[in-house]
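Visitor: Before we start, here is the structure in question, set down as structure tokens.
The values are calculated or read from the model by the stated rules, or taken from the named source; none is laboratory data. Note that this is a predicted model, so its numbers are computed, not measured. Counting neighbours? That spans all protein chains shown, and the Cβs are built from the backbone with ideal geometry, glycine included. With ligands, DNA and RNA removed, areas are computed over all heavy atoms of the protein, side chains included. Shrake-Rupley method; radii C 1.70, N 1.55, O 1.52, S 1.80 Å.
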Amino acid sequence: MPTSSEFRRLHRRAGIDRFAGLPPQFERVDRDWLFRRYGHGPAIRVSDDEYAAFMRNGVRAIVLHGVALVAFGALAWLLLERLLPGAGNASHAIVFGVALSLVAFALYGSLRHHADAPTRALAHRPPELPARDPDASMQPEYSTIVVLVLFLLFMAAIGTQQPAGFYIVFAVVAVMLGVFLAIRRQRFDRILTVVQRERVRDQRVAAREAERARRQQPEPLWKGALLLVFVAIELVLLFGGILLGVGIAQKIAGQTSADASFGVFILGFIPGLAFGGLLFWPLERLCKRWTGYSAVHAFDWIPPSW
């Protein structure tokens, strides 16, 4: 049975298909793969070709849902402008933040449906091994969720470089994200039996001990330095894509940064964010190849009990 650290290594090796929810459901066994629904269901054997096909479909689903998020986000703003023409920028920003979050949650539900495609495709195939306990190490603690939301709210509070409406949207989305993560964690806890909860507690203790042991054997210094370089470059590319998208939207609208409306900013921000993500995707793969770690998950060392 794979340990929590093995699950984490799998997540680090995974590329964009990780966001499709597929890699954690597959394990390499000999020359084939075992599929476990949600990572802990009964094990069903699949071939290399079948595994590759599922991963390709996962990448395709990620791209399509990313495009849909941009399209529906822009549509939501246009509808708000149409339905609430007399509302101020702050009101527009709050409503848009809620609408954008709901769109993202709906697309997440659709993405989870795609992640469950192997279950439907393999329903006729008998399992080889029984189900096992779910891996709780990949679920955030409630304290971690609170710290994340507070950090995002702090970043929104100190921001001054963009229109105020942007930071209002950012704060609303941060709160909605916290609510979503808390509900998801609650649903995870509810599916556990009493015995499984006890084993999950033991699993967390073992994971903390393994993490302490890992820290006593530090990685070579050059790997840490290179990882920081990749983190910095990917952040620059991400924010560069956003600035490029906003700049193009302002040029098309004939506005400058000083007098840009919130609507124009948002219509440039969402495609810019998607473009920035595409820019750092190849760098992320290169970072994992050279350092063995993901720049996106460079802060995995933060204790999960925070």
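Visitor: Ranked highest first by average number of other Cβ atoms within 10 Å, how do 105-113, 226-234 line up? Don't skip to the end; give the middle numbers.
Guide: Values: 105-113: 14.0, 226-234: 16.3.
By packing density, highest mean first, the sequence is 226-234, 105-113.
Visitor: Could you work out how far the C-alpha centroid of the range 174-195 sits from that of the range 224-293, in angstrom?
Guide: The range 174-195 and the range 224-293 have Cα centres separated by 31 Å.
Visitor: So, one more: Order the peptides 118-128, 239-249 from the highest to the lowest mean number of other Cβ atoms within 10 Å of their residues.
Guide: Taking the mean over residues of other Cβ atoms within 10 Å, the ranking is 239-249, 118-128.
Visitor: If you count only protein heavy atoms and use a 1.4 Å probe, how large is the accessible surface of PHE54, to the nearest 10 Å²?
Guide: 30
Visitor: Please give the per residue accessible area of the range 224-297, computed with a probe of 1.4 Å over protein heavy atoms only, in Å². Kindly include the intermediate steps, with their values, before the conclusion.
Guide: Working: 3920 Å² over 74 residues.
Accessible surface, normalised per residue, equals 53 Å².
Visitor: Regarding the range 102-251, what is the average projected area of its C-alpha convex hull, in nm²?
Guide: Averaged projected hull area, Cα only: 14.3 nm².
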